[in-house]
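Structure, as structure tokens:
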Amino acid sequence: AQTVTQSQPEMSVQEAETVTLSCTYDTSESDYYLFWYKQPPSRQMILVIRQEAYKQQNATENRFSVNFQKAAKSFSLKISDSQLGDAAMYFCAYRSVYNNNDMRFGAGTRLTVKP
Amino acid sequence: DGGITQSPKYLFRKEGQNVTLSCEQNLNHDAMYWYRQDPGQGLRLIYYSQIVNDFQKGDIAEGYSVSREKKESFPLTVTSAQKNPTAFYLCASSILGAGSQPQHFGDGTRLSIL
């Protein structure tokens with residue numbers, strides 16, 4: 001089974017600066033989807049960004065971008081110009097192309113934003 | 001606005017009691033999911049359903065049961081057989097064969113033991 005590893009339980013960043021959250025995954029599949037979700041204190045999971053493995057171009061959504069390294073099985077999230085509202089738990093997730101119901105989540109990284 | 005509604009937000013269970021968590025969606029999604037979230041762990045799949053009257057076990061189904069009598073509703077029952085039920089429970093939904101489409105989540109229910 002696929003596994004997702006987030007090696008940073010906690011990270012902190014100064015407001016307006018840039019932070020990168022790490023995610024690695026283990027799979028033998030060649031095609032899959034990757035996601036970053038944000039879970040603020042309100043606890044609702046919100047999609048931040050997604051990446052299809054067959055696309056070489058890294059996904060970008062406003063201040064959020066990813067560094068997708070397929071050979072290294074790495075999918076890091078970069079948050080630029082960090083804002084206080086970015087403080088949350090961030091989860092990396094993997095979804096198999098062959099079983100859309102099989103979504104694997106990492107343990108999460110708690111991001112603190114310092115004013 | 002379309003979304004997923006979970007109720008209640010907080011739930012307490014007595015010893016030997018079954019409790020039911022509600023999940024309703026108006027997104028017209030065929031697939032629905034239940035996850036359990038524990039501190040320091042990612043979300044773990046309990047059950048999922050792709051169609052009315054059909055559902056499949058996830059990784060940690062023991063001690064839980066579900067039903068899918070309507071497309072919009074996917075309630076989760078935590079039975080007395082679940083010895084460690086204290087956790088945060090999240091319901092999600094997606095289109096069938098979602099691919100790169102994300103799962104949409106509710107606000108969750110926190111279950112505690114009395």
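Details
- At least 3 residues being surrounded by fewer than 21 Cβ atoms within 10 Å (Cβ to Cβ) is the threshold, and among the strands (runs of 3 or more DSSP E) wholly inside the range B:27-100 those reaching it are B:43-51, B:54-57.
- Every residue from the range A:9-50 that is surrounded by fewer than 16 Cβ atoms within 10 Å (Cβ to Cβ), in contact (Cβ under 8 Å) with a residue 24 or more places away in the chain and not in a strand (DSSP E or B): A:Pro9, A:Glu15, A:Ala16, A:Glu17, A:Thr18, A:Glu29, A:Asp31, A:Pro40, A:Pro41
- Qualifying residues in the range A:62-104 (those that are facing chain B (nearest Cβ under 10 Å) and at pLDDT 95 or above) - the one surrounded by the most Cβ atoms within 10 Å (Cβ to Cβ): A:Cys92
- Residues in the range B:18-34 that are within 14 Å of B:Leu76 (Cα to Cα) and over 14 Å from the mean Cα position of the chain (by Cα): B:Asn18 only.
The values are calculated or read from the model by the stated rules, or taken from the named source; none is laboratory data. All values derive from a computational prediction rather than experimental measurement. As a convention, Cβ positions derive from the backbone with ideal geometry for all residues, glycine included, and neighbour counts pool all protein chains shown.
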